[in-house]
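Contents: one structure, followed by commentary.
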Amino acid sequence: MILHQIEALKDVGVTEVVLAINYQPEVMLNFLKEFETKLDIKITCSQETEPLGTAGPLALARDHLIDGSGEPFFVLNSDVISEYPFEELIQFHRSHGGEATIMVTKVDEPSKYGVVVMEEETGKVERFVEKPKIFVGNKINAGIYLLNPSVLDRIQLRPTSIEKEVFPQIAADEKLFAMVLPGFWMDIGQPRDYITGLRLYLTSLRKKSPSKLATGSHMVGNVLVHESAVIGEGCLIGPDVAIGPGCVVESGVRLSRCTVMQGARIKKHACISSSIIGWHSTVGQWARVENMTILGEDVHVCDEVYSNGGVVLPHKEIKSSILKPEIVM
Amino acid sequence: MGSSEDRVVAVIMVGGPTKGTRFRPLSLNIPKPLFPLAGQPMVHHPIYACRRIPNLAQVYLIGFYEEREFALYVSAISNELRVPVRYLREDKPHGSAGGLYSFRDYIMEDSPSYIFLLNCDVCCSFPLPEMLDAHKGYGGMGTILVSKVSAESANQFGELVADPVTKELLHYTEKPETFVSELINCGVYVFTPNIFASIEDVFMQRRGKAELRRVTSFEALQSATKAIPADYVRLDQDILSPLAGKKEFYTYETLDFWEQIKTPGMSLKCSALYLHQFRYTSPHLLASEHSAKRATIIGDVYIHPSAKIHPTAKIGPNVSISANARIGAGVRLISCIILDDVEVLENAVVIHSIVGWKSSIGKWSRVQGEGDYNAKLGSTILGEFGFCRR
């Protein structure tokens, strides 16, 4: 996920990326080492020792972010996927001359989120309303910002919320602007939203680089298959399926609206829909996995088993059917 | 006692369309006695067991279905068994003993020394020759096949108490509310012809009482018991119960399987029991790797010769596939009954289910019951023309 963001940043000339994390930096850094050289971009970590909210980590990373040039820096929420129109964001930020620009996205049910109330023509932000009871607007914070270094002077090194404490201050000074995000947007923190996000991403890919999608008589709709994955005969794959590196899909398998992660094996005649199959897992012959089943790493579903929405923690073997959604520990 | 010329007649009670409503939706298309278990109609199994009885003269099926429903079956099975099988239609229900009595002229035509009475919806090993030998030894009017069940389930049946040494029937109660005994009535009996005299006695008593009632019509209105027509005689309550303890009836216990086939779910279990029994009685009926054209076969499986099975399918255990069914590539069938003309398309899975005539199961579909045979809704039942898409 994070690679999509880093690549998009590289494309607009970003030369250094700081990851603000609070857990196992070694894991992230090891993974990203190879991309540092491949993409020719510097990647460092800034680790919180205590949770600092959504703004505190920026203060923590101050030294990385201020390089004396006075240029603005991007802030991205890693759970968010979109088309990352960073070039347009930079243009807009320069044109209004304000202190900060946030991207917003239009949603059908704004009351679930925090709504950004703004002037339509200029994009100037008037105020934020958290989970409004009456309709005040339908744009919400998309979690993508472009900030001038002066914003850091407003943030103290303590647990701070950027939406509740920092942005309202900037808005009061009439220096906060918002830009509506074109294209798709999804917060994929929840597995269900991940599946929807996958569909949106693949739809966008079909428009931008259709050659990356798989084609063939056994493909339906948008399907992404890693070049090292192997698919058997008599399968029907799609729509909205992504198959990772080293995966093996045996013959007679049906996949729809699902993700098969690296190294997983789907055995003959199995049927998977609306589910996520974790790294190095196996789904047995004639098994049926559906309705938001999520298999963690190294989970093995035995032959002929049925899973209806099971959420299975890593390193488990599923020998009997899961008839209604539940967590298997 | 008996010479080797003693003839035997077997009578199988098959019921009628108003009975066996619990067997719907399957009994909506076919009389319950003709529903296939292990690839053969339900009534075939007791009839086939009768073959082992020495000097079997005739088999009668008694019920109140239309004659034409059984006409084809009866002539086919007569040819196959080389024993006359005939269907006799009751004009109205007479109860199990009443039915037997009303056809006594037919039954006694061959002057049999012994008469077997079997219920069609009983699933068991039918140890008929052994039962007959025991009956001859006891010298009573009748011998009842009995079985031990768990104390909790015993009250669903007729409970009997038998003398442990002489095996005489001492006491009989039908579906008691309190626990009486773990021994239950299996619904298989053998009688000597004087059973008819006992049944006639019951008719006489009833008529007598009816006349009394005419005298005191006030009492008739007050009657707390269900009004039973004078000619409805039940074997259990009206014959066995009163005559228990009078050295007339004896018991023969079977240690083999015994089940009642009341619901479609039970037919799955009973089909499996009969399939297993075929290993010993008719192994040529079971599918092997060769007969099924190289499809994978696990456990006991019956496949009708006209059914088409793709070599990549995996079938069994406990599967029965009827005529003209088509099983596609990569299909998995476990513990199920597939009826005539069903089409199961590629990679579908059917578990613990009954798929009705001419149904179609779509590619990658899954039809699955829970496998609890005793639960009312434990198995998936697709009636005729069921259509299942993925």
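Criterion first (at positive phi and either more than 11 Å from chain A (Cβ to nearest Cβ) or at pLDDT 95 or above (or both)) does B:Gly356 satisfy it?
In short, no.
Would you be able to tell me the number of residues in the range A:34-55 that are within 20 Å of the chain's Cα centre (by Cα) and on the phi > 0 side of the Ramachandran plot?
Qualifying residue count for the region: 1.
Would you confirm, using the coordinates I've provided, whether B:Val188 is modelled with pLDDT of 90 or more and within 28 Å of the chain's Cα centre (by Cα)?
Considered against the rule, which asks whether it is modelled with pLDDT of 90 or more and within 28 Å of the chain's Cα centre (by Cα), B:Val188 comes out as yes.
Please state which of the following conditions A:Leu202 fails to meet, knowing it meets all the rest: (1) within 19 Å of A:Glu119 (Cβ to Cβ); (2) crowded, with 20+ Cβ neighbours inside 10 Å.
In the conditions (1) within 19 Å of A:Glu119 (Cβ to Cβ); (2) crowded, with 20+ Cβ neighbours inside 10 Å, A:Leu202 misses (1) alone.
Taking the criterion of being among the aliphatic types (A, V, I, L, M), more than 30 Å from A:Ile237 (Cβ to Cβ) and at pLDDT below 90, would at least one residue in the range B:362-375 satisfy it?
yes
Picking from A:Ala287, A:Ala214, A:Ala270, which residue would you name as being in contact with a strand residue (DSSP E or B) (Cβ under 9 Å, 6 or more places away or on another chain), modelled with pLDDT under 95 and more than 20 Å from A:Ile188 (Cβ to Cβ)? Can you show your working first?
Numbers: A:Ala287 fails: modelled with pLDDT under 95; A:Ala270 fails: modelled with pLDDT under 95.
Criteria check complete, one pass: A:Ala214.
Conditions (1) more than 14 Å from chain A (Cβ to nearest Cβ); (2) among the β-branched types (Val, Ile, Thr); (3) surrounded by fewer than 24 Cβ atoms within 10 Å (Cβ to Cβ), marked per residue:
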{"site": "B:His276", "(1), (2), (3)": "yes, no, yes"}
{"site": "B:Ile303", "(1), (2), (3)": "yes, yes, no"}
{"site": "B:Val319", "(1), (2), (3)": "no, yes, no"}
{"site": "B:Val350", "(1), (2), (3)": "no, yes, no"}
{"site": "B:Ser365", "(1), (2), (3)": "no, no, yes"}
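Looking only at the range B:58-105, how many residues end up being among the hydrophobic types (A, V, I, L, M, F, W, C) and either in a helix (DSSP H, G or I) or not assigned by TED's automatic domain parsing to the domain that holds B:Ile47 (or both)?
Within the range B:58-105, residues that are among the hydrophobic types (A, V, I, L, M, F, W, C) and either in a helix (DSSP H, G or I) or not assigned by TED's automatic domain parsing to the domain that holds B:Ile47 (or both) number 9.
Please enumerate the residues belonging to the range A:275-301 that are touching an Asp or Glu at 6+ places or on another chain (Cβ under 7 Å) and farther than 15 Å from A:Cys258 by Cβ.
Selection gives A:His280, A:Gly284, A:Gln285, A:Trp286, A:His300.
Could you tell me whether the range A:66-79 includes any residue that is more than 14 Å from A:Val18 (Cβ to Cβ), in a strand (DSSP E or B) and either small (Gly, Ala, Ser) or free of Cβ contacts under 8 Å to residues at least 60 places away in the same chain (or both)?
No; the residues of the range A:66-79 include none that is more than 14 Å from A:Val18 (Cβ to Cβ), in a strand (DSSP E or B) and either small (Gly, Ala, Ser) or free of Cβ contacts under 8 Å to residues at least 60 places away in the same chain (or both).
Considering each of A:Leu29, A:Leu76 in turn, give the residue that is surrounded by fewer than 16 Cβ atoms within 10 Å (Cβ to Cβ) and in contact with a strand residue (DSSP E or B) (Cβ under 9 Å, 6 or more places away or on another chain).
The unique qualifying residue is A:Leu29.
Check A:Phe92, A:Phe135 and return the single one that is aromatic (Phe, Trp, Tyr) and modelled with pLDDT under 90.
The conditions single out A:Phe135.
For the range A:124-193, which fully contained strands (runs of 3 or more DSSP E) count at least 1 residues that are under 23 Å from the mean Cα position of the chain (by Cα) and free of Cβ contacts under 8 Å to residues at least 40 places away in the same chain?
Ranges flagged: A:125-130, A:139-147.
Got a sec? Which of A:Ser251, A:Ser228, A:Ser273, A:Ser256 is away from chain B (no Cβ under 13 Å), touching a residue at least 12 places away in the same chain (Cβ under 8 Å) and out of contact with any Phe, Trp or Tyr (no Cβ under 7 Å at 6 or more places or on another chain)?
On the way: A:Ser251 fails: away from chain B (no Cβ under 13 Å); A:Ser273 fails: away from chain B (no Cβ under 13 Å); A:Ser256 fails: away from chain B (no Cβ under 13 Å).
From the options A:Ser251, A:Ser228, A:Ser273, A:Ser256, the qualifying one is A:Ser228.
The values are calculated or read from the model by the stated rules, or taken from the named source; none is laboratory data. All of these numbers come straight from a predicted model, not from anything done at the bench. Every residue, glycine among them, receives a Cβ derived from its backbone with ideal geometry; neighbour counts consider all protein chains shown.
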